[in-house]
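Peer 1: Pasting a structure here, questions to come.
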Amino acid sequence: LPTGRFTFEGFLSVNKSERRTHLASLKNETRTMLFHEAPHKLKNTLDDLCATFGAERRIALCRELTKAHEEILRLTIGEAIAYHEENTPRGEYVLVVGGRTQEKTEMTLEEGVALVLQRKNGGMKLKDAVRSVADDTGLPRNALYDAALKQ
């Protein structure tokens, strides 16, 4: 999971409504999210994570970090739920949940350059416009920059 940017969320509320409201506020979070969780609350939390983020969202279940029985499982939320139906959670957990991935649009280099120039004309610096278009579309930064300079 990406670690360049993350948000530490700590312990979720014991109150089901508050926990779900908190998770709903994170639905579109693109940064990796970290939560602490007690073993007796893990199954309910995984169910709420699944309801909010979907069964295919990536998660790392980190159990007993820095201790003798340290264990890290890298799964989807759906796989984590299935795993803990068979295995009783033990020990304290840190849940590392992947952020929402941005959908990359398929765009030609020419269309990308047009978008760069549009953002530049809107007041962005060329370098920043190239970076944002590359991040939004998946087009290579160097190719966008070189083509934009030729315009």
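The values are calculated or read from the model by the stated rules, or taken from the named source; none is laboratory data. Note that the structure is predicted; figures quoted are calculated from it, not measured. Cβ coordinates were reconstructed from backbone atoms using ideal geometry, including for glycine residues, and neighbour counts include every protein chain displayed. Accessible surface areas use protein heavy atoms only, side chains included; no ligands, DNA or RNA. Shrake-Rupley method; radii C 1.70, N 1.55, O 1.52, S 1.80 Å.
Peer 1: Beyond 26 Å between alpha-carbons counts as too far, so tell me which of LYS127/LYS150; LYS27/LYS67; LYS27/LYS125; LYS41/LYS67; LYS27/LYS127 fall in that bin.
Peer 2: Going by Cα-Cα distance, LYS27/LYS67; LYS27/LYS125; LYS27/LYS127 fall outside the 26 Å limit.
Peer 1: Hey, how many Å between the Cα centroid of the range 111-140 and the Cα centroid of the range 35-91?
Peer 2: Between the Cα centre of the range 111-140 and that of the range 35-91, the gap is 39 Å.
Peer 1: Further question on the same structure: Using a 7 Å offset from the Cα along the Cα-to-Cβ direction at both THR88 and MET107, what is the distance between the two label points in nm, to one decimal?
Peer 2: Between THR88 and MET107, the simple spin-label model gives 5.4 nm.
Peer 1: Using a 7 Å offset from the Cα along the Cα-to-Cβ direction at both LEU117 and THR30, what is the distance between the two label points in nm, to one decimal?
Peer 2: Rounded to a tenth, the inter-label distance reads 2.5 nm.
Peer 1: Ignoring ligands, DNA and RNA, what percent of the accessible area of the chain is carbon or sulfur (1.4 Å)?
Peer 2: Roughly 49 percent of what the probe reaches on the chain is carbon or sulfur.
Peer 1: Continuing with the same structure: FRET efficiency for LEU73 and LEU149, Cβ-Cβ distance as r, R0 = 35 Å, nearest 0.05?
Peer 2: 0.15
Peer 1: Quick one: length gained pulling GLU9 to LEU126 fully straight, 0.36 nm per residue minus the C-alpha distance?
Peer 2: Full-extension gain reported as 38.6 nm.
Peer 1: Give me P(r) over the chain, computed from all C-alpha to C-alpha distances, binned every 5 Å, as integer percentages.
Peer 2: Once binned at 5 Å, the Cα pair distances of the chain give 2, 9, 16, 16, 13, 9, 8, 8, 8, 6, 3, 1, 0.
Peer 1: Probe of 1.4 angstrom, ligands and nucleic acids ignored: what's the accessible area per residue over the range 47-151, in square angstrom?
Peer 2: 62 Å²
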